[in-house]
Amino acid sequence: MALPRLLRLWARAPGLGRALHRAGSAPVAPDFNSFVTRTNTCGELRSAHVGQEVTLYGWIQYQRQGLFLVLRDFQGLTQVIIPQDEAHSHVKQLLSNAPVESVVRVTGIVSPRPPGQENLVCACLFLCAQHVLQGEGEGKKMPTGDIEVKAETAEILNSCKKLPFEIKDFIKKSEALRMQYRYLDLRSFQLQYNLRLRSRIVMRMREYLCNLHGFVDVETPTLFKRTPGGAKEFLVPSREAGKFYSLPQSPQQFKQLLMVGGLDRYFQVARCYRDEGSRPDRQPEFTQIDIEMSFVDQAGIQRLIEGLLQYSWPEERGCVTTPFPSMTYEEALADYGTDKPDTRFGMKIMDISDFLRRLDIQFVQNALGYPRGTVKAICIPQGARYLKNKDLESLKASAKSRFNQEIMEMICRPDGSLKSLLTKFLDEKQQSELIQVLNMQVDDVVLLAAGEHKQVCSALGSLRLESADILEAAGLVLRDPATFHFLWVVDFPLFLPKEENPTELESAHHPFTAPHPSDTNLLYSDPTKVRSQHYDLVLNGSEVGGGSIRIHSAEQQRFVLEKVLKEDSEVLSHLLEALEFGAPPHGGIALGLDRLISLIVDAPSIRDVIAFPKSFRGRDLMGNAPDYVTPEELEPYHIQISWPLAEKEAKQS
């Protein structure tokens, strides 16, 4: 096959390149010992190295009674035998007295372990930590378990003082302590694995986008101006009185301007900033894989991302099957009560309005009298066995406090009858029919809600996830963390009513999103009914990407800003003007890299896949940022601080 044709096939088939890569010659292994004075890492010595003199550098992970120690570096562990003879007394004294986590250099001879002692030493360390780095489970052989290094010479390069916590993954540390001593926390095998996997995935993404599909990696500014709508942005003072930069929440405007400039295909590993409260899956500064293309439609963007993830997905996490399933926003809300459904388990929302509509039940009739009034339910399998009364009360209280939604419970008894307040309105035949409608089995629990469609669906969608947490805490496995369910959610509304003023509209995605082609006319007559060309990528119930086809008409963009959103279009005059100079149709997407990696490694927080994250309150506990600035330092920026009374008194005391 001719090379040009092979390359064209590779580019067109997302999985073909990877298949050829695996089937052909193996990639060149990285040389971890180039340019440094060690001969080997602590994770690479095997029986084939027996008899060789080696020089290792690393941290002392463990030391036992002056007999041996375990040396650790980024790649693994090696057992070092401390010499006991008089000729090496200096080495013995040095290594026996060195504190744990001291940095040492050891030169010695690789020797086989004594018969029967292969892989014995530090088995606990290996099982608790080493398998994380190597991707091996408990019971697997320690990679360096067949050998040991008999030390001939040694040097303490830096002695370690008393540690604030042990450098072991199985030792629990407070979040605050981990953030304060992040440089120590980074020595853990789990964080080492997470960051190295992240690096590997990003490199594969670059290969796929740039080498296989012709994207151009372009850096965009992080000092810009405020964007109307969307998340809150950080302000940066300038030396011009009263004027501020803004840190962009995404490179949205720049990526569109690059399309106007004819770059055709742009991508960037982009730093983004949002001045919002932190959550386990959010940080004030975060990273996106940011992508934009000209002359593309929604289906093209989706195929690109499916191929990108398939190509860059780590082999130890299985494989990615494409194409990803898709559902509309309305379907997601109706079936799962959220626009980011976790499809790894069932318990879908059921509509029982038609069944109850014919019954003379006052609260049901009242609910169905609302615009889009409905009665819906979720069935919790075997809920009567796993949910205690306090759990059910907690679920109902959650729906009331978060959604102002009343919840009624129903339990299927062994005799086939229902235990519920609703049964006083139902005869035996109607109870039996309702059980069939809900497909209930003995000990199943149903949670029922009546009211406005979106409120009912949102409340039940939240209870679906909360009840799944309770069931799993009781030992029932519903969501396998090793399973990855991707899903496209499409056909979002273009605009939503503002929470603070429902008579005004805001963008559901952002103000540059194009309307659905079928709904373009509605944009000018009834914008509340317009669907958008906005698409979200969901993984295991978390949004990991979002994008849209953009408005490329200056006239339409100005109408959206001024007439629909009531925004001052002058703030975006540069973009509007650019759209008038022959802007091509274009669209794109951004993948949340931190969130994606955290799901791949099953981390409880994105802080576990970021080298130097902020705390829950957005603070850097290690460097104590943000910090105070003196009035003299503020003077060039024409800024004065108006101190809250409590802080003013604290500074004066």
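The values are calculated or read from the model by the stated rules, or taken from the named source; none is laboratory data. What you are looking at is a predicted structure, and each value in this text was computed from that prediction instead of being measured. Because the Cβ atoms are built from the backbone with ideal geometry, glycine has one as well, and the counts that use them run over all protein chains shown. Remember, those area values only see protein heavy atoms, side chains included, never the ligands or the DNA or RNA. Shrake-Rupley method; radii C 1.70, N 1.55, O 1.52, S 1.80 Å.
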Once each part is reduced to its C-alpha centroid, what is the distance from the stretch 551-606 to the stretch 458-495 in angstrom? 28
If you average the alpha carbon positions of the stretch 177-199 and of the stretch 309-363, how far apart do those two centres end up, in angstrom? 35
Given backbone amide H placed at 1.01 Å from N, residues whose amide H is under 5 Å from that of VAL445, ignoring those fewer than 5 places away on the same chain, are ILE380, GLN382, GLY383, ALA384
Expected output is a single nm value to one decimal: the length gained when fully extending between LEU478 and ASP360, i.e. 0.36 nm times separation in residues minus the C-alpha distance. What is it? 38.8 nm
In whole Å, what is the distance between the alpha-carbon centres of the stretch 414-445 and the stretch 55-81? 65
LEU177 to GLN436: FRET efficiency via 1/(1 + (r/R0)^6), r the Cβ-Cβ distance, R0 51 Å, to the nearest 0.05? 0.35
Going highest first, how would you order 288-301, 104-117 by mean Cβ packing within 10 Å? 288-301, 104-117
Listed residue (SER462, PRO497, LEU478) projecting farthest to the positive dipole end of the stretch 453-501, Cβ model: PRO497
Expected field for SER174, accessible surface area in Å² at 1.4 Å probe radius, rounded to 10, holds 70
Using 1/(1 + (r/R0)^6) with R0 = 60 angstrom and r between the beta carbons of LYS498 and GLU53, what's the FRET efficiency to the nearest 0.05? 0.25
Kyte-Doolittle mean at least 0.0 and Cα axial length at least 18 Å: DSSP H helices in the chain: 298-312, 453-473
Once amide H atoms are placed 1.01 Å from N in the peptide plane, what residues at a sequence separation of 5 or more from TYR62, or on another chain, have their amide H within under 5 Å of its amide H? VAL70
The stretch 145-276: radius of gyration over Cα atoms, expressed as a fraction of 2.2 N^0.38 Å: 1.62
Strictly over 20 Å apart at the Cα level, which of LYS172/LYS390; LYS172/LYS388; LYS232/LYS614; LYS232/LYS498; LYS396/LYS419 would you flag in this model? LYS172/LYS390; LYS172/LYS388
How much length, in nm to one decimal, is gained on full extension between VAL236 and HIS638, taken as 0.36 nm per residue of separation minus their Cα-Cα distance? 143.5 nm
Just subtract the alpha-carbon distance of ALA87 and ASP31 from 0.36 nm times their residue separation and send over the number in nm, one decimal. 16.7 nm
At a 10 angstrom cut-off on C-beta neighbours, averaged per residue, how do the peptides 616-622, 314-320 rank from highest to lowest? 616-622, 314-320
